[in-house]
Amino acid sequence: MSKAESLVWVFLASAVLVYGNGRHDLITVILHHPSVWRKGYYLGLAGLGVNMLVFLYLAIWGPLFSSSQEPVSKITSNSPVAIHIGTAAGLSATIGFLTALWPVWSWLTPLILVMKEQ
């Protein structure tokens, strides 16, 4: 990915965060808009939290506390269930956030989620 493309993604994600739905920023919309489906939002947060824990396990815990200094590819091959858990958590986070925010932004929701995840 080029630096210009990275800059565009950062600019778009910042614009979504600051301008939200045009009247309120994204955090205010998520926390206070009456149309946000809370169960989907909590599912998305849970999936995101599990995904972050899997990342921390594979990137920090595994290399620090393994018996030998193995590269990350060896750690993932020694704990293949972590990849499956991370994939399921990422999928549940995406579905949860999509269903939670769909009533607010409808067809723009997938684009907003892609910009937040870049």
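Descriptive notes on the structure:
- The number of residues in segment 1-38 that are of a type outside the set (A, V, I, L, M) and outside any helix (DSSP H, G or I) comes to 11.
- Filtered residue count, segment 94-118, keeping only those that are modelled with pLDDT under 85, closer than 20 Å to Tyr41 by Cβ and not aliphatic (A, V, I, L, M): 7
- Selection within segment 80-93 - open to solvent by 50 Å² or more (accessible area, probe 1.4 Å) and either at pLDDT 90 or above or out of contact with any Ser or Thr (no Cβ under 7 Å at 6 or more places or on another chain) (or both): Pro80, Val81, His84, Ile85, Thr87, Ala88, Leu91
- Only one of Ser14, Ser2 that is small (Gly, Ala, Ser) and over 18 Å from the mean Cα position of the chain (by Cα): Ser2
- Residue in segment 23-30 that is surrounded by fewer than 12 Cβ atoms within 10 Å (Cβ to Cβ) and among the β-branched types (Val, Ile, Thr) present: yes
- Some residue of segment 59-79 being part of a helix (DSSP H, G or I) and modelled with pLDDT of 85 or more: no
- For segment 1-57, taking the residues that are touching a residue at least 24 places away in the same chain (Cβ under 8 Å) and in contact with a His (Cβ under 9 Å, 6 or more places away or on another chain), the one that is farthest from Thr109 (Cα to Cα) is identified as His33.
The values are calculated or read from the model by the stated rules, or taken from the named source; none is laboratory data. Small disclaimer: the values here were computed from a predicted structure and weren't measured. We place every Cβ from the backbone using ideal geometry, glycine too, and count neighbours over all the protein chains shown. Accessible surface areas use protein heavy atoms only, side chains included; no ligands, DNA or RNA. Shrake-Rupley method; radii C 1.70, N 1.55, O 1.52, S 1.80 Å.
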